[in-house]
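Q: Handing you this structure, nothing more for now.
Each value in this text was obtained by applying a stated rule to the coordinates, not by laboratory testing. Because the structure is predicted, anything quoted here is derived from the model rather than measured. Positions of Cβ are backbone-derived with ideal geometry, glycine not excepted, and every protein chain shown enters the neighbour counts.
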2 protein chains.
Amino acid sequence: MSWEIGVSDLGALAVGAAILGTGGGGDPYIGRVMAEAAMVRHGPVTVYSVDELAAEQWVIPIAGVGAPTVLFEKPPRGTEPIEAFERLAEYLGVTDAFPCPIEAGGINSMVPLQVAAELGRPVVDADGMGRAFPEIYMQTFHVFGIPGSPACIASEFGDTVILDRIHDNYQLEWLARGITIRLGGHSFVSQFPMQGFSVKRAAIRGTLSLGLRIGRAVLAAQKRHDDPLAAVCASADYAGYGPAFVAFRGKVTEVVRRTDGGFAKGQVTIEGVGQDKRSCATIDFQNENLVMRQAEDIVATVPDLVTVLDSQTGLAITTERLRYGQRVAVVVIPAPDIMKSPEALGVWGPRGFGYAFDYREPVRP
Amino acid sequence: MSWEIGVSDLGALAVGAAILGTGGGGDPYIGRVMAEAAMVRHGPVTVYSVDELAAEQWVIPIAGVGAPTVLFEKPPRGTEPIEAFERLAEYLGVTDAFPCPIEAGGINSMVPLQVAAELGRPVVDADGMGRAFPEIYMQTFHVFGIPGSPACIASEFGDTVILDRIHDNYQLEWLARGITIRLGGHSFVSQFPMQGFSVKRAAIRGTLSLGLRIGRAVLAAQKRHDDPLAAVCASADYAGYGPAFVAFRGKVTEVVRRTDGGFAKGQVTIEGVGQDKRSCATIDFQNENLVMRQAEDIVATVPDLVTVLDSQTGLAITTERLRYGQRVAVVVIPAPDIMKSPEALGVWGPRGFGYAFDYREPVRP
């Protein structure tokens, strides 16, 4: 069933998308401002489930690429997502494409809503990452062999570059990243244009609903003075995700961070409190949280979602905001099966990030 | 009048184009191999003068961009120029575009000949640089306000990137250079697509003929044991160039070189012999020779062509091949008027390369 998402939902979506961002994906703030402005002018957006899509319907995933931090130093002009989307549609000779998220986590949850509102189109309740990931090819669309090109990058000056025929999706990432760097470190990119039958085969379904669901649950729990962590876990048991659980509670005692190859890499150490007292957890991150260990034992790894939440409010703490002394809870949300096929794990399992071990199921306390 | 250029002309063109390269533009060798292979398969190429072009005829300038040195370490696959040319033509919906040089000097004199031979099209006897220059926007096409985009870059993998709508030609250079770096430091680019009426307005005419003329004169002088320097000067008095003159004769005594921002920058010092004895000349270069001084006096500056030739053979010595002890002659070929309008000097006069002085007429000995 299609439903509507409006201005009053964006607050909850921002909260939920930040949690799905697993430490990365960027704070949804700027994206929310852009989507909200479009919705104020043009009204709410209709959300289509993947089931409702016609097999021939063109869908164009759209997102920001690059360092989200740049967005705060140099906010977008605001027209870039529309231009990237429309120019690629025009290039393809398609006049009624639906926007779709690339990435359900973080700021990119909002970008397709802006495009959908401005163009008066529905948005598709699905994405290619099911969370946040650092590189463009880390999408189920890639896992299922869909070509990422033609793709279109738009700049704040109205420049458009069409990545026309690119021999594979790694090269697409490499070139799009290079162009993005030349455009100042952030850009908006439309890519993996496809029709409904491909979306049905390759998309991670229901992830826009999931973000909204989690955000609403957290806000409702805050209002009722209930436990927001329990609300996250209960609401995340949806669309094939979960069952989620609180893996650790404690206090941030150390954060090691370095910028390496354009990524924020590092590790956070959390000393246990309550039932986790006298224990210690660490989380490795590369923009997003990758591997959580307790003592030396691996508790959870990519692609399962390891999120660090403020233990009082249930709000996500992105890796760049981790600070000594924060009281946090680590919530693990197991990813759906489509993200854990052998082919998918080949792209974003631990080895895809340079670890020498395979994906393993998360260990519940 | 149209005429034909065939395999047997490429040797002379390589010699002449290297002289027009004014120390840069790359050794024509690899380009010559590619053009020769195409001509052996498909026959000679018809050369059209600008006068013969129909006003509506589409023309697409095509060239290699990046470090010519990379071409020797990693020779092209050979299909890149055709793909860059044909993909842009297809994008424009044009089926009979003529290739045209961007750059008459160096390796890029050969690239349009390969494309013309393979596609069975005429080549246009004109270019946008009238010599060699390091940056894409340093073309009369830019000086006359023609947009460089849409442009198309092709890689050895068959990747094509369309620089679709780029707000100015400096941004085109910036993005094309960035993509070229990601493609390994060299690529082939079609750009400034235009129709005959624009070519007639903005092109530097007769520069393919000029290269061939100079090369033939040098080879003929070598054969007859005549003075090749006199042959260069006499033959370069053509198409609005010249009158050329030998500005200095001497021995290379010092070469200072540094790589700065992707450019080979430096200075060569030449101690005089013969009538220049007890005098000393220097030439500053940035890939190409920019400014020649004798003692402290400026003798010639960009855009006039300052070329360093082997004084025995009359062959050009590119800046990367300058060595202590070489016996050389500096030949100055004044550029044609179209390259010295106030607008043109704003792009490639001395100030365009960071000097604090204006263009001045060359000083004859």
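Q: When the Debye formula is applied to the Cα atoms of the protein assembly as shown, each taken as the same point scatterer, what base-10 log of I(q)/I(0) results at q = 0.09, 0.11 Å⁻¹?
A: Taken in order of the listed q values, log10 I(q)/I(0) reads -0.82, -1.02.
Q: Still on this structure: Which of B:Gln114, B:Gln191, B:Gln57 ends up with the largest GNM mean-square fluctuation for chain B, with Cα atoms connected below 10 Å?
A: B:Gln57
Q: Next question, about the same structure. Which FRET efficiency value, to the nearest 0.05, is calculated for B:Glu52 and A:Val256 with the Förster distance at 45 angstrom and r the Cβ-Cβ distance?
A: For B:Glu52 and A:Val256, the calculated efficiency is 0.05.
Q: Taking the simple approach of a point 7 Å from Cα along Cα-to-Cβ for both B:Glu296 and A:Arg293, what is their distance in nm?
A: Here the modelled spin labels are 6.8 nm apart.
Q: Between copies, how far apart are the B:Ser2 label points? List them in nm, one decimal, shortest first, with each point 7 Å from Cα toward Cβ, please?
A: Those separations, rounded to one decimal, come out as 5.7 nm.
Q: To continue, here is another question. How do B:Lys265, A:Lys223 rank when sorted from fewest to most other Cβ atoms within 10 Å of their own Cβ?
A: The fewest-first ordering by Cβ neighbours comes to A:Lys223, B:Lys265.
Q: Among rounded, prolate and oblate, which fits the stretch B:3-205 when a ≥ b ≥ c are the square roots of the eigenvalues of its C-alpha gyration tensor, a/c under 1.5 means rounded, and a/b larger than b/c means prolate?
A: Rounded.
Q: Okay, next question. Residues of A:86-95, mean number of Cβ from any other protein chain within 10 Å of their own Cβ, rounded to a whole number?
A: 1
Q: Now for a separate question. Would you mind calculating the relative contact order of the stretch B:3-205 from Cα pairs under 8 angstrom and at least 6 residues apart, reporting the percent as a whole number?
A: This gives 30 percent for the stretch B:3-205.
Q: Taking Cα pairs under 8 Å and at least six residues apart, what relative contact order does the stretch B:73-165 come out at, in percent?
A: Contact order relative to length: 31 percent.
Q: Taking the radius of gyration and the Kirkwood hydrodynamic radius from Cα positions alone, what is the Rg/Rh ratio for the stretch A:279-338, to two decimal places?
A: 0.95
Q: Using only DSSP helix segments of four residues or longer, with each worth -39500 (n - 2.57), what per-residue ellipticity at 222 nm results for chain A after dividing by its residue count and rounding to 500?
A: -9000 deg cm²/dmol
Q: I would also like to ask the following. In nm, what does the list of distances from B:Thr313 to its counterparts in the other copies look like, shortest first, when each label sits 7 Å along Cα to Cβ?
A: Distances to the matching label points in the other copies: 7.4 nm.
Q: Which FRET efficiency, nearest 0.05, do B:Phe357 and B:Arg321 yield, Cβ-Cβ r, R0 30 Å?
A: Efficiency, from the Cβ-Cβ distance: 0.60.
Q: I've got another one for you. Among the DSSP beta bridges whose two residues both lie in the stretch A:3-205, what percent are antiparallel, rounded to the nearest 5?
A: 75
Q: Report, in degrees rounded to the nearest 10, the 0 to 90 angle that the Cα long axis of helix A:207-224 makes with the longest principal axis of chain A.
A: Taking the Cα atoms of chain A, the angle to A:207-224 is about 50 degrees.
Q: Summarise the partner chain shielding of A:180-188 as one whole number: the mean count of Cβ atoms from other chains within 10 Å of each residue's Cβ.
A: That average works out to 2.
Q: Neighbour counts of other C-beta atoms within 10 Å: give me B:Cys280, B:Cys233, B:Cys152 arranged from fewest to most.
A: By the 10 Å Cβ count, ascending: B:Cys280, B:Cys233, B:Cys152.
Q: Sort the stretch A:232-353 into rounded, prolate or oblate with this rule: let a ≥ b ≥ c be the square roots of the eigenvalues of the Cα gyration tensor; rounded if a/c is under 1.5, and if a/c is not under 1.5, prolate when a/b is larger than b/c, oblate otherwise.
A: Oblate is the answer for the stretch A:232-353, as a/c is 1.5 or above yet b/c matches or exceeds a/b.
Q: Residue by residue through B:148-156, how many Cβ atoms from other chains fall within 10 Å of the Cβ on average?
A: 2
Q: Convert each backbone phi in the stretch B:352-365 into a coupling constant with the Karplus relation 6.51 cos²θ - 1.76 cosθ + 1.60 (shift: θ = phi - 60°), then list the ³J(HN,Hα) values in order as whole Hz, x for Gly and Pro.
A: Per residue, the Karplus-derived 3J(HN,Hα) values read x, 10, x, 7, 9, 10, 8, 4, 9, 4, x, 9, 7, x Hz.
Q: So, one more: Rounded, prolate or oblate: which fits the stretch A:66-143, taking a ≥ b ≥ c as square roots of the Cα gyration tensor eigenvalues, rounded meaning a/c under 1.5, else prolate when a/b beats b/c?
A: Since a/c reaches 1.5 but b/c is at least a/b, the shape of the stretch A:66-143 is classed as oblate.
Q: Once you treat every alpha carbon in the stretch A:133-196 as an equal point and sum by Debye, what is log10 I(q)/I(0) at q = 0.14, 0.19, 0.27 Å⁻¹?
A: -0.37, -0.67, -1.23
Q: Note the angle between two axes, namely the Cα long axis of helix B:80-92 and the longest principal axis of the Cα atoms of chain B, as a number of degrees from 0 to 90, rounded to the nearest 10.
A: Around 50 degrees separate the two axes.
Q: Another question, then. If neighbour count is taken as other Cβ atoms inside 10 Å, put B:Phe141, A:Phe98 in order from fewest to most.
A: The fewest-first ordering by Cβ neighbours comes to A:Phe98, B:Phe141.
Q: Would you mind putting A:225-232, A:36-43 in packing order, based on average other-beta-carbon counts within 10 Å, highest first?
A: Highest mean packing first, the order is A:225-232, A:36-43.
Q: Could you tell me, in Å, what Rg and Dmax come out for the Cα atoms of the stretch A:324-365?
A: Every Cα atom of the stretch A:324-365 included, Rg and Dmax give 13.2, 40 Å.
Q: Which three extents, in whole angstrom, do the alpha-carbon atoms of chain B cover along their principal axes, largest first?
A: Cα extents, longest axis first: 62, 44, 38 Å.
Q: While we're looking at this one, here's another question. Of the candidates A:Thr140, A:Thr22, A:Thr69, which one comes out as most mobile in a Gaussian network treatment of chain A with C-alpha springs shorter than 10 Å?
A: Between A:Thr140, A:Thr22, A:Thr69, it is A:Thr69 that shows the largest mean-square fluctuation.
Q: Which distances, in nm and shortest first, link the A:Tyr355 label point to the same label point in every other copy, taking 7 Å along Cα→Cβ?
A: 6.1
Q: Which angle between 0 and 90 degrees, to the nearest 10, do you get for helix A:29-42 versus the longest principal axis of chain A when only C-alpha atoms count?
A: Helix A:29-42 sits at roughly 40 degrees to that axis.
Q: Grab the residue from chain B whose Cβ hugs the B-to-A rotation axis most tightly, plus its distance in whole angstrom.
A: Output: B:Ile162, 2.
Q: Over chain B, what is the relative contact order in whole percent, taking alpha-carbon pairs under 8 Å and six or more residues apart?
A: 19
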